[in-house]
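These notes are about the structure you will find just below.
A short reminder: the numbers here are calculations on the coordinates, not readings from a lab. This structure is a prediction, so every number in the text was calculated from the model and none was measured. Cβ placement follows ideal geometry from the backbone for every residue including glycine, while neighbour counts extend to all protein chains displayed.
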Amino acid sequence: MSAVLPPIVVDVLTGFLGAGKTTYLRRLLDAGALADTAILVNEFADLPVDQRLVGATGSLTAVLAGGCLCCAIDGDLKEGLLGLIQQRADGTVPPFARILVETSGIADPAPVAGTILGDRQLQARLRFGGTVTVVDLLNVAETLATQEEALAQIIAADRIVLSKGDLVDDARRAEAVAAIGAINPLAPIVDAEPRPGERLNPWRTIGWTTPTAPRRAAFQAVAQAGDRHNGLGALVLTWPEPVDWAVFATWLSALLHRHGARILRVKGLMRIAGETERGPVVIQGVRHVVYAPEHLADADDVVGAEFVMIVRDLDPALIRRSFEAFMALGQRAGETQRGARAS
Ligand SMILES: Nc1nc2c(ncn2[C@@H]2O[C@H](COP(=O)(O)OP(=O)(O)OP(=O)(O)O)[C@@H](O)[C@H]2O)c(=O)[nH]1
């Protein structure tokens, strides 16, 4: 009987043009933080300069050149990933547990995740890990004001890495952190330059592993943020009881079907009725792409549902009302079922 191999985790490293992605990648390589990781680099121009920079360290690197990952070369991303998996199976490259895809600076990371999550062949071997977004402290205000892609990259982030901290003072840094937090309050923010004694580990807080206190603080920040610029708004949705999965899935599918383009991010935790001993599931979505839900251990404090939505040009009150109506429906259905079983 052949052993079932654990899935290879694919993470995305993104950030606007010149933000410092390659510099950060090199730093991670030098620190040995990517020892078990294959790297796929995407360059918009034909000349894959980054490969020379990254490849110089001798690490395994494959390059996708000649297009932007998010739009033009979906097929190439798939081929690149399958090629790496094949090489690993053939033993022509050292075994690796993760693949890091460095996008070009103008890529929208959501479709990259969508390619991985939406393809059966890839799904059989890969698991999407998360998105790390490098943000340039020197240029963040101007970039966010003028570049849609930069906004999309921050919204999609599971972790934000601040670069060029050496070029700004504390006040400028604090302003930038506040601006980023107002767009995506849930992604932990770290410095590209590690503090003395800190081990560089890009994966540590990818996904929803945020401990209770910071998570609650982030929720509060969203709840208090009120109106945003550019029609952006965020809302926190909570439900005090375990949730009926079928009812929730129906609600979310209908919402995404109707308003998909305006729902930028969904992220949260939810305990499922009938599965209460398994730990809550992590709900993660970047626009129309909803990640496969995963159970999270060590989250006993979550008894019902709590999640955040970042929306554009949508009335948060309407979403809240429809969510609560559906949840109440699910709860009544559960009570009726339990009543029928007891009688
Ligand atoms: N002072 C300073 N310069 C930095 C830092 N990070 C990156 N840079 C510089 O910023 C420029 C762009 O950095 P890259 O790492 O190539 O940025 P990138 O995001 O990979 O760029 P693209 O691939 O073109 O999108 C280079 O000149 C880097 O040396 C930093 O933390 N401090």
Subject >> J(HN,Hα) series, region 103-115, from Karplus relation 6.51 cos²θ - 1.76 cosθ + 1.60, nearest Hz, glycine and proline x >> reply: 7, 6, x, 9, 7, 8, x, 4, x, 5, 4, x, 4
Original post:
How would you rank 5-14, 269-278, highest first, on the average number of other Cβ atoms within 10 Å across their residues?
Top reply: 5-14, 269-278
Original post:
Considering amide H positions built from the backbone, and no H for Pro or chain starts, which residues 5 or more places from ARG265, or on another chain, come under 5 Å of its amide H?
Top reply: ARG287, ILE310
Original post:
What residues have an amide H closer than 5 Å to that of ILE283, excluding those fewer than 5 places away on the same chain, when H is modeled at 1.01 Å from N in the peptide plane?
Top reply: GLY268, LEU269, MET270
Subject >> Protection proxy ranking of 21-30, 239-248, 87-96 - average other beta-carbon atoms within 10 Å, highest first >> reply: 21-30, 239-248, 87-96
Original post:
Taking the highest mean first, how do the peptides 156-166, 175-185, 308-318 order by number of other beta carbon atoms within 10 angstrom per residue?
Top reply: 156-166, 175-185, 308-318
